[in-house]
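Trainee: Take a look at this one; I'll ask things after.
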Amino acid sequence: MILYAGRATAHEFPALNITGAHFPSSGAAQAASEGRIEAQDLNLRAGLRPAALLESIPGMVVTQHSGSGKANQYFLRGMNLDHGTDFATTLNGVPINLPSHAHGHGYSDLNVLMPELVWHVDYRKGPYFASEGDFSSAGSAHVVYRHQLDRPLLDWSMGQGGYLRGLAASSQSLGETRHLLMAVERLNHEGPWSTPEGLRKLNSQFILSGGSPREGWSASLSNYRARWTATDQIPQRLIDAGTYQGKPFGRFDSLDPSSGAHTQRSSVSGQWHRSSPNARSRVDAYAIRYELDLFSNFTYQLERANDQFAQSDRRTAWGAHAQHTWLASVGDHFEVLQTLGIQWRADRIQAGLFDSEYRQRQATVREDAIAQSLLGVYAESDITWTSGVRSVVGWRLDQYQARVDSALQALNSGRSAAVRGSPKLSLILGPWRDATFFINSGEGFHSNDARGTTTRVDPRSGEPITPVPGLVRSRGQEWGVETPVTAHWQTALALWQLDFDSELVYVGDAGNTQAGRPSRRTGVEWRHHWQNQRPWRIDANFAWTRPRYVDADPSGPFIVNAVQRVARVVLAYDAQGPWAGSLVLRHIGSAPLVEDNTIRAEPSTTLYLRLSRQFTPDVGMTLDVLNLTDRRYHDMRYVYTSRLSGEPVAGVRDVHGHAAEPRTWRVAVRMRF
């Protein structure tokens, strides 16, 4: 008996192998909506920002409503994931999501990512997988770096908006089985904005590895720091007027040029694995040190002469994930692949919210010392009943604990705890006539910000607030099929549903918890891969979602900023010769901006072009043209009340938007040694 080869992810340790650039291999996948994206596919596609790599996941949208150094806005399965809530992301086994963050729970800043080092990305959707814990109800992505490079490389890029980027990376052998990978990145970017972004990023990564695929280890050190000036959203009434205070005002202008941030993140991590014909074990451990000082102004002069506020986050975090999988037989009838795992994470946080002007703190709204931890244990049984019937049964138990010490409001200090069990079930039928059918059901959860679990008094208004639970349940179902239509055309279809008991959100901008409502999202995802001859390939992904609140609140059933249609079509050319490239069509559908659906964000359709030319085995060049047709659209739109100079004291309710970047070209030269 031979154990299924484990997927080489750095976060999870599934016993089932997922192969191919686009579709899980039959008999190995657990759901029609999971898959792996290989480096060669990622390298063919142009991207505006590092996190755009996640848009290769079918149905995923990555945008921005502020400066380029800030965590992106993420959208998947009809959810506005904000800066990362309900989508778990790891990089080389280190979690990116930051719980109880000063700006927003689950904050996921992927600007630390170096795309050139990525080996592959494994993604999953829905709460059906026992090894996926907090933040993963909508989905998860595990980005894995390679440990070796064929040859040292030097990349130099330049483009419009003062874009300058350099990356140097190499690996060397330290004996027969040890290797050291080193990479350093520097980025300067001003952008199209009237007030230059002034983004300055310095990033480094070191990975020491040893052993073999059968038994080995790695140790990683990462250090990232950045600073920038924010380009926050602006009101539509000002764009329509075209002037402000007697001066021209356009979509790339700013109302508070002093907004911005500086941040840094360092991590050290280690991984060990061992496998035999009938068993596999793996352990990951990590420690993180993180800092952020963020200055924002979204309402301008609604509350004070200057509504700028500062958010500060200082934390250390550490954790581990261990898993053991083994193969057993029950007589001569069927085989059982059994998995046991444990995950643990602890964060120690100093988080604050302050009134500020020109990046100078004026008053403290709230300041908290937070200690929180999450312990999860899980078990999973993968049973092959016959050649065409397989089931996966899992169970997960999570315990959440938090202590909050509020410096200003004693009533907001306290302790909280929660425990939640989450059953999982998948049934895989086939392949029958080359078609494999998947039925998935499971419960998951998302944690709430620790401050929301103890806060009893609104820090601004002094009004009473009811604390929220530490863990909130989600429930999901999915029905899918994967099948080849022809010898050259593969397709997969998934129908899914996701329910939340509530969508309570800690609003870092206000220092309190925003009441949520129970919701249901239903949708369809349809993906295709066509390749007739080697040079040409088409990948097409389509997603339709119906997101609704399910209670009888008179404000309306529509979920704000829930994107309902997403499409991505990639035409790629790669003949393994001097020329390669791709044309990517990206469509983001309309979304309601208010709960009664009377105001909606406009849809957008954009094109991205990449052309690559290899002049010699050592020298190549790439041209990226982003927003090829120069479409005018918004990355983000919101409806809220703000006030400009001279307007009524109560302010004006309006649509506020962050303009997407215009057509932009970038040229990169890569040299290998």
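Trainee: Among (1) at positive phi; (2) free of Cβ contacts under 8 Å to residues at least 12 places away in the same chain, there is one condition Ser461 misses while meeting the rest; what is its number?
Mentor: (1)
Residue-by-condition table, conditions (1) among the hydrophobic types (A, V, I, L, M, F, W, C); (2) assigned to a loop (DSSP other than H, G, I, E, B); (3) at pLDDT below 95; (4) touching a Leu at 6+ places or on another chain (Cβ under 9 Å):
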| site | (1), (2), (3), (4) |
| --- | --- |
| Leu16 | yes, yes, yes, yes |
| His22 | no, yes, yes, no |
| Gly27 | no, yes, yes, yes |
| Leu44 | yes, yes, yes, no |
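Trainee: Continuing with the same structure: How many residues, within the stretch 442-487, are more than 30 Å from Gln531 (Cα to Cα) and in a loop (DSSP other than H, G, I, E, B)? So that I can check it myself, show each step before the final result.
Mentor: Step one: of the stretch 442-487, the residues more than 30 Å from Gln531 (Cα to Cα) are 442-477.
Keeping just the survivors that are in a loop (DSSP other than H, G, I, E, B) gives 448-449, 455-456, 458-463, 465-470.
The total comes to 16.
Trainee: Would you mention how many residues in the stretch 117-142 are farther than 17 Å from Val61 by Cα and touching a helix residue (DSSP H, G or I) at 6+ places or on another chain (Cβ under 8 Å)?
Mentor: So the answer is 3.
Trainee: Let me ask you something else. Is it the case, given these coordinates, that Gln205 is among the polar types (S, T, N, Q), part of a strand (DSSP E or B), under 28 Å from the mean Cα position of the chain (by Cα) and more than 26 Å from Ser356 (Cβ to Cβ)? Spell out the reasoning first.
Mentor: Working: among the polar types (S, T, N, Q): yes; part of a strand (DSSP E or B): yes; under 28 Å from the mean Cα position of the chain (by Cα): yes; more than 26 Å from Ser356 (Cβ to Cβ): yes.
So Gln205 passes the test.
Trainee: Out of the residues in the stretch 144-188 that are of a type outside the set (A, V, I, L, M) and touching a Pro at 6+ places or on another chain (Cβ under 9 Å), which is surrounded by the most Cβ atoms within 10 Å (Cβ to Cβ)? Talk me through it step by step, then tell me what you get.
Mentor: Of the stretch 144-188, the ones of a type outside the set (A, V, I, L, M) are 145-148, 150-152, 155-157, 159-163, 165-166, 170-173, 175-179, 185-186, 188.
From what's left, touching a Pro at 6+ places or on another chain (Cβ under 9 Å): 160-162, 170-172.
Working: Gln160: 15, Gly161: 17, Gly162: 15, Ser170: 17, Ser171: 19, Gln172: 12.
Filtering the stretch 144-188 for residues that are of a type outside the set (A, V, I, L, M) and touching a Pro at 6+ places or on another chain (Cβ under 9 Å), the one surrounded by the most Cβ atoms within 10 Å (Cβ to Cβ) comes out as Ser171.
Trainee: Looking at Gly341, is it under 23 Å from Ser131 (Cβ atoms), assigned to a strand (DSSP E or B), in contact with a Lys or Arg (Cβ under 7 Å, 6 or more places away or on another chain) and among the small types (Gly, Ala, Ser)? Give the derivation first.
Mentor: On the way: under 23 Å from Ser131 (Cβ atoms): yes; assigned to a strand (DSSP E or B): yes; in contact with a Lys or Arg (Cβ under 7 Å, 6 or more places away or on another chain): no; among the small types (Gly, Ala, Ser): yes.
Answer is no for this residue.
Trainee: Filter the stretch 293-334 down to the residues that are among the aromatic types (Phe, Trp, Tyr) and within 27 Å of Leu353 (Cα to Cα), then identify the one that is surrounded by the fewest Cβ atoms within 10 Å (Cβ to Cβ). Can you show your working first?
Mentor: If we filter the stretch 293-334 for residues that are among the aromatic types (Phe, Trp, Tyr), which is where we start, we get 295, 298, 300, 309, 318, 326, 334.
Next cut, within 27 Å of Leu353 (Cα to Cα) only: 295, 298, 300, 309, 318.
On the way: Phe295: 25, Phe298: 22, Tyr300: 23, Phe309: 27, Trp318: 17.
The qualifying residue surrounded by the fewest Cβ atoms within 10 Å (Cβ to Cβ) is Trp318.
Trainee: Please list, ordered by first then second residue, the pairs with beta carbon atoms under 9 Å, 6 or more apart or interchain, first in the stretch 187-204 and more than 14 Å from Arg227 (Cα to Cα), second surrounded by fewer than 18 Cβ atoms within 10 Å (Cβ to Cβ) and of a type in the set (Val, Ile, Thr).
Mentor: Note: pairs meeting the criteria are Ser204/Val184.
Trainee: Only residues in the stretch 651-673 that are free of Cβ contacts under 8 Å to residues at least 40 places away in the same chain and at negative phi count as the first member; pair them with residues that are crowded, with 18+ Cβ neighbours inside 10 Å and not in a strand (DSSP E or B), Cβ under 9 angstrom, at least 6 apart or cross-chain, and list the lot.
Mentor: Arg663/Asn627; Arg663/Leu628
Trainee: Here's a check for you: in the stretch 246-265, which residue that is part of a strand (DSSP E or B) and surrounded by fewer than 17 Cβ atoms within 10 Å (Cβ to Cβ) is nearest to the chain's Cα centre (by Cα)? Break it down stepwise before answering.
Mentor: Just the residues of the stretch 246-265 that are part of a strand (DSSP E or B), to begin with: 247-248, 260-265.
Now restrict to residues that are surrounded by fewer than 17 Cβ atoms within 10 Å (Cβ to Cβ): 247-248, 262, 264.
Working: Lys247: 39, Pro248: 37, His262: 20, Gln264: 18 Å.
Across the stretch 246-265, the extreme among qualifying residues is Gln264.
Trainee: What's the number of the condition Arg124 fails, among (1) more than 14 Å from the chain's Cα centre (by Cα); (2) surrounded by 24 or more Cβ atoms within 10 Å (Cβ to Cβ)?
Mentor: Of the numbered conditions (1) more than 14 Å from the chain's Cα centre (by Cα); (2) surrounded by 24 or more Cβ atoms within 10 Å (Cβ to Cβ), the odd one out for Arg124 is (1).
Trainee: Another question, then. Taking the stretch 419-441 as the search range and keeping residues that are of a type outside the set (S, T, N, Q), closer than 20 Å to Pro484 by Cβ and part of a strand (DSSP E or B), which one is nearest to the chain's Cα centre (by Cα)? Spell out the reasoning first.
Mentor: Here is the first cut: in the stretch 419-441, the residues of a type outside the set (S, T, N, Q) are 419-421, 423-425, 427-435, 437-439.
With closer than 20 Å to Pro484 by Cβ added as a condition, the list becomes 428-435, 437-438.
If we keep only those that are part of a strand (DSSP E or B) as well, we get 428-432, 435, 437-438.
Values: Ile428: 28, Leu429: 31, Gly430: 32, Pro431: 32, Trp432: 35, Ala435: 31, Phe437: 28, Phe438: 25 Å.
Top of the filtered list is Phe438.
Trainee: Of all residues in the stretch 166-186, how many are within 30 Å of Gln233 (Cα to Cα) and either touching a residue at least 40 places away in the same chain (Cβ under 8 Å) or β-branched (Val, Ile, Thr) (or both)?
Mentor: First, the residues of the stretch 166-186 that are within 30 Å of Gln233 (Cα to Cα): 166, 185-186.
Those left that are additionally either touching a residue at least 40 places away in the same chain (Cβ under 8 Å) or β-branched (Val, Ile, Thr) (or both): 185.
Matching residues across the stretch 166-186 total 1.
Trainee: Does Ser281 satisfy being in contact with a helix residue (DSSP H, G or I) (Cβ under 9 Å, 6 or more places away or on another chain), within 30 Å of Ser212 (Cα to Cα) and either modelled with pLDDT of 95 or more or not in a strand (DSSP E or B) (or both)? Walk me through it before giving the result.
Mentor: Numbers: in contact with a helix residue (DSSP H, G or I) (Cβ under 9 Å, 6 or more places away or on another chain): no; within 30 Å of Ser212 (Cα to Cα): yes; either modelled with pLDDT of 95 or more or not in a strand (DSSP E or B) (or both): yes.
For Ser281, the condition - in contact with a helix residue (DSSP H, G or I) (Cβ under 9 Å, 6 or more places away or on another chain), within 30 Å of Ser212 (Cα to Cα) and either modelled with pLDDT of 95 or more or not in a strand (DSSP E or B) (or both) - is not met.
Trainee: In the stretch 641-673, which residues are within 22 Å of Phe252 (Cα to Cα), in contact with a Ser or Thr (Cβ under 8 Å, 6 or more places away or on another chain) and not small (Gly, Ala, Ser)?
Mentor: Thr641, Arg643, Val652, Arg653, Asp654, His656, His658, Arg663, Arg666
Trainee: Here is a follow-up. Of the residues that sit in the stretch 367-405 and are among the hydroxyl-bearing types (Ser, Thr, Tyr), surrounded by 15 or more Cβ atoms within 10 Å (Cβ to Cβ) and over 25 Å from the mean Cα position of the chain (by Cα), which one is nearest to Thr339 (Cα to Cα)?
Mentor: Here is the first cut: in the stretch 367-405, the ones among the hydroxyl-bearing types (Ser, Thr, Tyr) are 373, 378, 381, 384, 386-387, 391, 400.
Filter again for surrounded by 15 or more Cβ atoms within 10 Å (Cβ to Cβ), leaving 373, 378, 381, 384, 391, 400.
With over 25 Å from the mean Cα position of the chain (by Cα) added as a condition, the list becomes 381, 384, 391.
Details: Ser381: 6, Thr384: 14, Ser391: 14 Å.
Only one residue tops the list, namely Ser381.
Trainee: Taking the stretch 77-110 only, how many residues are of a type in the set (S, T, N, Q) and in contact with a helix residue (DSSP H, G or I) (Cβ under 6 Å, 6 or more places away or on another chain)? It would help to see each step written out before you state the result.
Mentor: First pass over the stretch 77-110, keeping only residues of a type in the set (S, T, N, Q): 80, 85, 89-90, 92, 97, 100, 108.
Applying the additional criterion that residues be in contact with a helix residue (DSSP H, G or I) (Cβ under 6 Å, 6 or more places away or on another chain) yields 100.
Counting residues in the stretch 77-110 that are of a type in the set (S, T, N, Q) and in contact with a helix residue (DSSP H, G or I) (Cβ under 6 Å, 6 or more places away or on another chain) gives 1.
Trainee: Would you point out the residue of the stretch 294-338, among those that are among the basic types (Lys, Arg) and part of a strand (DSSP E or B), that is nearest to Arg237 (Cα to Cα)? Steps first, answer last, please.
Mentor: Here is the first cut: in the stretch 294-338, the ones among the basic types (Lys, Arg) are 304, 314-315.
From what's left, part of a strand (DSSP E or B): 314-315.
On the way: Arg314: 37, Arg315: 40 Å.
By that ranking, first place goes to Arg314.
Trainee: Taking only pairs six or more apart or across chains, which ones have beta-carbon atoms under 7 Å, a first residue in the stretch 112-127 that is over 19 Å from Asn97 (Cβ atoms), and a second residue that is among the aromatic types (Phe, Trp, Tyr) and outside any strand (DSSP E or B)?
Mentor: none
Trainee: Then there is this: Any residue in the stretch 581-595 that is free of Cβ contacts under 8 Å to residues at least 24 places away in the same chain sitting within a Cβ distance under 6 Å of a residue that is in a loop (DSSP other than H, G, I, E, B) and crowded, with 18+ Cβ neighbours inside 10 Å? List the pairs, counting only those 6 or more apart or interchain.
Mentor: none
The values are calculated or read from the model by the stated rules, or taken from the named source; none is laboratory data. Quick caveat, the model's predicted, so the values are computed rather than measured. Here Cβ is always computed from backbone atoms with ideal geometry, including for glycine, and neighbour counts include all displayed protein chains.
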